[in-house]
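The values are calculated or read from the model by the stated rules, or taken from the named source; none is laboratory data. It should be emphasised that the depicted structure is a prediction, and the values quoted were computed from it without experimental measurement. Counting neighbours? That spans all protein chains shown, and the Cβs are built from the backbone with ideal geometry, glycine included. Areas reflect the complete protein model, heavy atoms only, side chains present, ligands, DNA and RNA absent. Shrake-Rupley method; radii C 1.70, N 1.55, O 1.52, S 1.80 Å.
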Amino acid sequence: HILLKGHRGTGKTSLALLLKDLLGIEDMDWLKFNASDERGVDTIRTKVKNFVSTFALGDFKIVFMDEADGLTPDAQKTLKSMMEEYADNARFIMTCNNPNKIIPELSDSRTQVIEYKSLDKDAMTERAAIILSKEKVKTSIENLEKYVDGCYPDFRKLVETLDKNSHNGVLLDYDEASQEINEWELVLVQMIEGNS
């Protein structure tokens, strides 16, 4: 069982999905849910237990709980015993942004904890520059550094922001991009209010 912990946007969910592919886990042997949305003990007792208690088509099943720090303490306690009881048939992968919300029985003794540290600004800038180069998007390093400053430490947010603000092979100037976003938000508010 694995617990991936760290700041949002560092690649925890991407690693879990990559593991599914690398291990050759079929969709029928994969249960994914957001534990912040389905956080109660009933989810563990019904949805998870029903899944792990049936035979796997492959070597084992995987239960992937994104944002497991959203699970209630009672749900985590129920999960703890289930991880032991069904260990031969199922593996658990959990992600969390706030590891202090995971009970010690899960984080200390039932999972292998992998901590994701946020990239520093220089590393974020370098990786973003590589992405822009591969996508043939031109910009200055100063402009890219402004985007990094605005999104730090969330690398996913940075990539999405760069994507939104790249037009015809050029990354908008950060100050223009901010203004364009604000104008778009104003238009949206006006539309909702029925003023346009």
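If you check 146, 134, which single one turns out to be touching a helix residue (DSSP H, G or I) at 6+ places or on another chain (Cβ under 6 Å) and over 20 Å from residue 30 (Cα atoms)?
146
Can you go through 55, 64 and tell me which one is outside any helix (DSSP H, G or I) and under 21 Å from the mean Cα position of the chain (by Cα)?
64
Which pairs do you get when a residue that is over 16 Å from residue 176 (Cβ atoms) and touching a residue at least 40 places away in the same chain (Cβ under 8 Å), found in the stretch 131-153, comes within reach of a residue that is open to solvent by 50 Å² or more (accessible area, probe 1.4 Å) and not in a loop (DSSP other than H, G, I, E, B), reach meaning Cβ atoms under 9 angstrom, with the pair 6+ apart or on two chains?
From residues that are over 16 Å from residue 176 (Cβ atoms) and touching a residue at least 40 places away in the same chain (Cβ under 8 Å), the pairs are 153/121.
Name the pairs: first residue in the stretch 1-17 and in contact (Cβ under 8 Å) with a residue 12 or more places away in the chain, second residue surrounded by fewer than 18 Cβ atoms within 10 Å (Cβ to Cβ) and among the polar types (S, T, N, Q), Cβ to Cβ under 9 Å, at least 6 apart or on different chains?
1/112; 2/112; 3/112; 5/98; 6/118; 7/118; 9/118; 10/118
Mind listing just one residue for me: the one in the stretch 115-160 that is of a type in the set (Ser, Thr, Tyr) and open to solvent by 80 Å² or more (accessible area, probe 1.4 Å) and, of those, modelled with the highest pLDDT?
Going through the qualifying residues, I end up with 133.
Does any residue in the stretch 39-61 that is closer than 15 Å to residue 87 by Cβ come within less than 7 Å, Cβ to Cβ, of a residue that is in a loop (DSSP other than H, G, I, E, B) six or more places away or on a different chain, and which pairs are these?
52/86; 52/89; 53/86; 56/89; 60/89; 61/89
Return the residues of the stretch 1-17 that are among the hydroxyl-bearing types (Ser, Thr, Tyr) and either assigned to a strand (DSSP E or B) or surrounded by fewer than 17 Cβ atoms within 10 Å (Cβ to Cβ) (or both); say none if nothing qualifies.
14
Identify all residues within the stretch 55-85 that are among the hydroxyl-bearing types (Ser, Thr, Tyr) and closer than 14 Å to residue 111 by Cα; write none if there are none.
Passing the criteria: only 81.
Answer yes or no as to whether residue 46 is under 24 Å from residue 78 (Cβ atoms), among the β-branched types (Val, Ile, Thr) and either touching a Phe, Trp or Tyr at 6+ places or on another chain (Cβ under 9 Å) or part of a strand (DSSP E or B) (or both).
So residue 46 fails the test.
What pairs come up if the first residue lies in the stretch 113-124 and is of a type in the set (A, V, I, L, M), the second is outside any helix (DSSP H, G or I), and their beta carbons are under 6 Å apart, counting only those six or more places apart or on different chains?
As it stands, the answer is 113/3; 114/4, since those pairs meet every condition given.
Restricting to the stretch 65-95, give me the number of residues that are open to solvent by 40 Å² or more (accessible area, probe 1.4 Å) and closer than 16 Å to residue 39 by Cα.
Of the residues in that region, 5 qualify.
Of all residues in the stretch 161-178, which are under 13 Å from residue 128 (Cβ atoms) and open to solvent by less than 40 Å² (accessible area, probe 1.4 Å)?
Matches in the stretch 161-178: 161, 162, 165, 166, 171.
Mind listing just one residue for me: the one in the stretch 18-38 that is in contact (Cβ under 8 Å) with a residue 24 or more places away in the chain and in a helix (DSSP H, G or I) and, of those, most open to solvent (accessible area, probe 1.4 Å)?
Checking each candidate, the answer is 28.
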